[in-house]
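A.B. asks: Here it is, the structure, as structure tokens.
The values are calculated or read from the model by the stated rules, or taken from the named source; none is laboratory data. Bear in mind that the values here come from a model prediction, so they are computed numbers and not experimental data. Cβ: placed from backbone, ideal geometry, glycine included. Neighbour counts: every protein chain shown. For accessibility, only protein heavy atoms count, side chains too; no ligands or nucleic acids. Shrake-Rupley method; radii C 1.70, N 1.55, O 1.52, S 1.80 Å.
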Amino acid sequence: MKSFYHWYKAHITGAIFTGLILGIFTGLFLADLFEPILTVTGIIGSIYMSALNMMIFPLVFCSIIMGITSIGNARTTGRITGAAMLFFICTTALASFVGIVLPRLVQLGKGVTFEMAESDIEAAKMTGILDTLQTLIPSNPVAAFVDGNMLQVLVFAAIIGFTLISIGEKGEPLLKVIGSLNEVCIQIISVVMYFTPIGVFCTIVPVVEANGTSTIISLATQLIILYIAFFGFAIIVYGLSVKILGKASPLAFFKAILPAALNAFGTCSSSATIPISERCMKENYGVSDKITSIVIPLGATVNMDAVSILMSFMIMFFANACGIEVSISTMVVVLLANVLLSIGTPGVPGGAIASFTALAAMAGLPAGVMGVYISINTLCDMGATCVNVIGDLACCAVLKEKIRL
């Protein structure tokens, strides 16, 4: 039994792809012939989505607090942490700009139609920046959780996190409780993720049955555009950063970090890539251990440039496909929330699912889009994780030149 568990854990990505392919095949060719298939997959898919959503709010709340407090502790490392944070903030701002502008320029999702059930939970209405600012701080934090107001939950978590930093040792008992709860949430989500191949199969079948081959074509087109944006951003932004700020050859940089980038692409985990990233920077690029030991773990926690691009692309795609208007002001708020979410997003495979669930609700997308997103999440996550790791290493290359040790 243990051997099967370890084998399944090592091949979970392949199992998800298998579930996706079988789901597409079943939706296209078998669902019409055997009507009970839609009923059974609908029930199982609903159970899977409920299990996934069950821990989203507690996980987001706890992980943001843990992320903020870890950054607070890292500030004691001085100039390196400050410079790295400045670099990550600037590149995240650029990534958010790309995420807002590019999907609108290419009319992402226009002409695509998805038939799916509307969300059972009404998303928070956001008519403008000023209206949103007025309701940022929850007068009743418990109500924010009950009503599903993710933006208020994010702000409440940030307040708790920075307060725990300010009171120091007095907040340690509460921080330990929140840390334990965070581990519980991650463990529950991890167990649920083992059922992802079945969940993907059951959630994609009714969508493909309702929409036919147009679903497959539209998703494939979306992924191609997304990857062009990913690696275009990496080459232009990170390449120019290395050349202008790091005063080095971008080609030599990309050659030096290739092992880490490929590992990140294959594992979908920036955390698992940390040892390889540090070795590439020290042995292949000559960066000091003092820089890599701070910047790379910090980047795995807070640098989610590609996730900003991914979230905005997916939200615009599904919004257009579902006929939902997402204003620029709403997208700005969503991306600002994504920056905060990225602080606590686990650097593990599937870590972006919790973020997308929260942001999709804020943008008013129907719950049914989650099944479609999860079915292609691994393909999205591979490129996003690779680009995020490249960004971490570009920061190391820049600080090698800017901070003399």
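Yes/no per residue for (1) at pLDDT below 80; (2) open to solvent by less than 40 Å² (accessible area, probe 1.4 Å); (3) under 19 Å from residue 236 (Cβ atoms); (4) not in a helix (DSSP H, G or I):
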{"site": "69", "(1), (2), (3), (4)": "yes, yes, no, no"}
{"site": "72", "(1), (2), (3), (4)": "yes, yes, no, no"}
{"site": "80", "(1), (2), (3), (4)": "yes, yes, no, no"}
{"site": "86", "(1), (2), (3), (4)": "no, no, no, no"}
{"site": "91", "(1), (2), (3), (4)": "no, yes, yes, no"}
{"site": "96", "(1), (2), (3), (4)": "no, yes, yes, no"}
{"site": "102", "(1), (2), (3), (4)": "no, no, yes, no"}
{"site": "108", "(1), (2), (3), (4)": "yes, yes, no, yes"}
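A.B. asks: Tell me whether segment 355-362 contains one or more residues that are outside any helix (DSSP H, G or I), open to solvent by 10 Å² or more (accessible area, probe 1.4 Å) and at pLDDT below 80. Explain how you work it out, then say what you get.
C.D. replies: Kept after step one, since they are outside any helix (DSSP H, G or I), are these residues of segment 355-362: none.
No, there is no match, as no residue in segment 355-362 is outside any helix (DSSP H, G or I), open to solvent by 10 Å² or more (accessible area, probe 1.4 Å) and at pLDDT below 80.
A.B. asks: Which ones in segment 183-199 are open to solvent by less than 80 Å² (accessible area, probe 1.4 Å), at pLDDT below 85 and in a helix (DSSP H, G or I)?
C.D. replies: Of everything in segment 183-199, those that are open to solvent by less than 80 Å² (accessible area, probe 1.4 Å), at pLDDT below 85 and in a helix (DSSP H, G or I) turn out to be 185, 186, 188, 189, 190, 191, 192, 193, 196, 197, 199.
A.B. asks: Of the residues 231, 253, 265, which is surrounded by fewer than 17 Cβ atoms within 10 Å (Cβ to Cβ), at negative phi, aromatic (Phe, Trp, Tyr) and touching a residue at least 40 places away in the same chain (Cβ under 8 Å)? Let's see the steps before the verdict.
C.D. replies: Details: 253 fails: surrounded by fewer than 17 Cβ atoms within 10 Å (Cβ to Cβ); 265 fails: surrounded by fewer than 17 Cβ atoms within 10 Å (Cβ to Cβ).
The match here is 231.
A.B. asks: Related question: Would you pick out the residues in segment 377-389 that are among the aliphatic types (A, V, I, L, M) and open to solvent by 10 Å² or more (accessible area, probe 1.4 Å)? Please lay out each step first, then the result.
C.D. replies: Our first condition is that a residue be among the aliphatic types (A, V, I, L, M); within segment 377-389, this holds for 379, 382, 384, 387, 389.
Matches in segment 377-389: 379, 382.
A.B. asks: Only one of 327, 270, 308, 312 is surrounded by fewer than 19 Cβ atoms within 10 Å (Cβ to Cβ) and at pLDDT below 85. Can you tell me which?
C.D. replies: After applying the criteria, what remains is 327.
A.B. asks: If a residue has to be open to solvent by 40 Å² or more (accessible area, probe 1.4 Å) and hydroxyl-bearing (Ser, Thr, Tyr) to count, how many in segment 273-299 make the cut?
C.D. replies: 2
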